[in-house]
Amino acid sequence: MSDALQAPRGTFDVLPEQSALRLTVEVSARKILEAAGYRRIETPAFEDTDVFRRTVGESTDIVQKEMYTLIDGGGRSLTLRPEVTAPIVRAYAEHGMHKLAQPVKLWYLSSCFRYERAQAGRYRQFWQIGAEAIGSEDPAVDAESILLLAAILEELGVRGVRLRLASLGTPASRARYRELLQAHLRAHEDRLAHDVRERIDLNPLRAFDSDHAGTREVMQTAPLLLDHLDAADVEHFATVRALLDASELGYEIDPTLVRGLDYYTRTVFEFTSEALGAQSGVGGGGRYDGLAEQLGAHATPGMGWAAGIERILLAAEERPVPEPVCDLFVAVGGDGAPERTAAFLLAAQARRAGVPAQVELAGRSLKGQFKQAARLRARYVAIVGADGIELKDMENGEQSAVPSPSAVVATVLRGRFET
Ligand code: ATP
Ligand code: MG
């Protein structure tokens, strides 16, 4: 098939049935987040490339190889958002949201773009639902944020959910730890995978992510960041954990938890699902107290997460696709323009009154129109003919003349209440 007849590799069309399922995710997430005071935000699909380069991190996979970057007609470097946290912190600074009551709680449902190897659960354009609470360091923000994602995954029936949790500390303790880790990696350099060796200087933490057998062995004796946190970070993390414990949300401490973004500080977490294959991450996030400064804004603490809509749906229990409702199908019962116009107007009038109604749009015979009404599972069919309107109740098969379009609408409305 010609390329012009296919969606680009790693992308997909959201067809009507999928769209209906995705709406259920949106509705649940919105209900849970807005009940906690989060309000929706939308940022542009692309940003100045610096928004991501300064925050996500030069050494990360995202910046090194996954960004869709283009130069626009004005010579500016722009990047399709690979994630939404940095754009939201940019918006927070741009719109002076520090003047509002803190923390400012925002949620989003946005498409993201990453040039990745396309496979099940990993796409080049995908959708994230996310929540950010900006402007408070309180550990209760962290615990609440994690709880909200847990509630969404539970409500949507995501199977086999596990929560892993860690703390990355502050940049200072991380820098001290980084040197310890680099020393450990250098001492065992000959046993490491090539790409891990290459990144000892740039991103030694990523060594914990490697699947390479030799590297994994070396990492078993590596020093752990959790053992090298500042007292304040230890206490912050303990409070987050105490709040999660009090909420009876199960989790495992994973001292090797590495997120693919450099901006995290203190709390980091990830929800995985056993129902997913290799791409087991459903959603994750953490605290990013240094991000605003990295963008050149005033230092502002923040905490948030993102979860992939496609992975949520892959990991969720099958649920019935909500069917579109058609209460009234208006059939054209004659060949003349007056009947066609009257039918057209009846459907419009019914919709204005709140009745889901469709009119014949393809010139079918009366028999064909009844077939179409059956396909739509229409509750009533109105037949608009030269001599007036007949209304057929498709449930009991009764058909009778109705004096006016308003009477049709009234009957259908009454029928809706009766069922
Ligand atoms: P992974 O470990 O799968 O690469 P990640 O660490 O890159 O995930 P984040 O950047 O934290 O993921 O994004 C949050 C969520 O967005 C993920 O948990 C996942 O559900 C989803 N996600 C990330 N990348 C993709 C992708 N390429 N296709 C579909 N969903 C994705
Ligand atoms: Mg990734």
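Note down the magnitude of the dipole of the range 328-414 about its Cα centre, charges +1 on Lys and Arg C-beta and -1 on Asp and Glu C-beta and zero elsewhere, to the nearest 20 debye. Mind dumping the intermediate values first?
Numbers: 11 positive and 8 negative charges, 82 e Å.
Rounded to the nearest 20 debye, it is 400 debye.
For the range 1-109, what is the accessible area per residue in Å², given a 1.4 Å probe and the full set of protein chains? Don't skip to the answer; put the middle values down first.
Details: 6060 Å² over 109 residues.
Ligands and nucleic acids excluded, the result is 56 Å² per residue.
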Problem set entry | Most positive-pole-ward Cα, I129, L181, A143, against dipole of the chain from beta carbon charges | I129
Exercise. Mind checking which of A242, A357, A306 has the largest fluctuation in a GNM of the chain, springs on alpha carbons under 10 Å?
Worked result: A357
For this session: With a 1.4 Å probe and every protein chain left in place, work out the accessible area per residue of the range 318-392 in Å², rounded to a whole number.
Result: 57
For this session: Determine the distance separating the Cα centre of the range 208-254 from the Cα centre of the range 354-419; give it in Å without decimals.
Result: 63
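Count neighbours as other Cβ atoms within 10 Å of each site's Cβ, and list the GluC sites (Glu not before Pro) in the range 212-255 that are DSSP loop with at most 16 such neighbours. Can you show the working numbers first?
Numbers: sites: E217, E235, E248, E252; in loops: E248.
Filter output for the range 212-255: E248.
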For this session: Just add up the charged neighbours of R76: K/R +1, D/E -1, any other residue whose Cβ is under 12 Å from the Cβ of R76.
Result: -4
Problem set entry | Protein accessible area in the chain, 1.4 Å probe - carbon and sulfur % | 51
For this session: Measure off 7 Å from each Cα along the Cα-to-Cβ vector at L366 and R414, then give the distance between these two points in nanometres to one decimal.
Result: 2.5
Problem set entry | Of L5, H95, Y380, farthest towards positive along the dipole that unit charges on Lys, Arg, Asp, Glu beta carbons give the chain | Y380
Seminar exercise, completed: Placing each pseudo-label 7 Å from Cα in the direction of the beta carbon, R351 and A407 end up separated by a distance in nanometres of 2.6
Exercise. Along the range 187-199, what does the Karplus equation 6.51 cos²θ - 1.76 cosθ + 1.60 (θ = phi - 60°) give for ³J(HN,Hα), rounded to whole Hz, x for Gly and Pro?
Worked result: 5, 10, 3, 5, 9, 8, 5, 4, 5, 5, 4, 4, 9
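Roughly what percent of Cα-Cα pairs across the range 328-414 reach past 21 Å?
Values: 607 of 3741 pairs.
Considering the range 328-414, 16 percent of its Cα-Cα pairs are separated by more than 21 Å.
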Exercise. By accessible area of protein heavy atoms, probe 1.4 Å, what ranking do W127, W305 get, highest first?
Worked result: W127, W305
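Quick one: if the Förster radius is 30 Å, what FRET efficiency do F12 and A242 give, using the C-beta to C-beta distance and rounding to 0.05?
Efficiency at R0 = 30 Å is approximately 0.10.
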For this session: List the residues of the range 195-239 whose backbone N lies under 12 Å from a point placed 7 Å from the Cα of S59 along the Cα-to-Cβ direction.
Result: 196-208
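What stretch of the chain, leaving out the sites themselves, is the longest with no trypsin sites (Lys or Arg not before Pro) in a DSSP loop having at most 11 other Cβ atoms within 10 Å?
On the way: sites that count: R9, R76, R117.
Maximal segment without exposed cleavage sites: 118-419.
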Seminar exercise, completed: Summing -39500 (n - 2.57) over every DSSP H run of at least 4 in the chain, dividing by its residue total and rounding to the nearest 500, the 222 nm mean residue ellipticity is -11000 deg cm²/dmol
For this session: State the answer as a single residue: which of S59, A36, L70 lies farthest towards the positive end of the charge dipole of the range 1-84, with beta carbon charges of +1 for Lys and Arg and -1 for Asp and Glu, about the Cα centre.
Result: A36
Seminar exercise, completed: Under the rule rounded for a/c under 1.5, else prolate if a/b exceeds b/c, else oblate, using alpha carbon gyration tensor axes a ≥ b ≥ c, the range 62-207 is classed as rounded
Exercise. Kirkwood Rh over Cα pairs of the chain into Stokes-Einstein at 37 °C, 0.692 mPa s: D in µm²/s?
Worked result: 131
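Given R₀ = 41 Å, FRET efficiency for T24-R176 by Cβ-Cβ distance, to 0.05? Numbers along the way, then the final one.
Numbers: r = 47 Å, r/R0 = 1.14.
FRET efficiency, T24 to R176: 0.30.
What's the extension gain from A101 to R117 if we count 0.36 nm per residue and subtract their Cα-Cα distance? Please report the intermediate quantities before stating the final value.
On the way: separation 16, 0.36 × 16 = 5.76 nm, distance 4.20 nm.
Between A101 and R117, full extension yields an extra 1.6 nm.
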Problem set entry | Percent RCO, i.e. relative contact order, over the range 328-414, from Cα pairs under 8 Å lying at least 6 residues apart | 32
Problem set entry | Net length gained if the chain between A187 and S2 were fully extended (0.36 nm per residue, minus Cα distance) | 61.3 nm
Seminar exercise, completed: Here the relative contact order (percent) of the chain, from C-alpha pairs under 8 Å and at least 6 apart, is 16
Problem set entry | Charge dipole (debye, nearest 20) of the chain; +1 at Cβ of Lys and Arg, -1 at Cβ of Asp and Glu | 920
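With a Förster radius of 51 Å, plug the Cβ-Cβ distance of A299 and A386 into 1/(1 + (r/R0)^6) and report the FRET value to the nearest 0.05. Working shown, then result.
Values: r = 76 Å, r/R0 = 1.50.
Plugging the Cβ-Cβ distance into 1/(1 + (r/R0)^6) gives 0.10.
The values are calculated or read from the model by the stated rules, or taken from the named source; none is laboratory data. Quantities reported herein were computed from a predicted structural model and do not represent experimental measurements. Counting neighbours? That spans all protein chains shown, and the Cβs are built from the backbone with ideal geometry, glycine included. The area values use the complete protein model at the heavy-atom level, side chains included, leaving out ligands, DNA and RNA. Shrake-Rupley method; radii C 1.70, N 1.55, O 1.52, S 1.80 Å.
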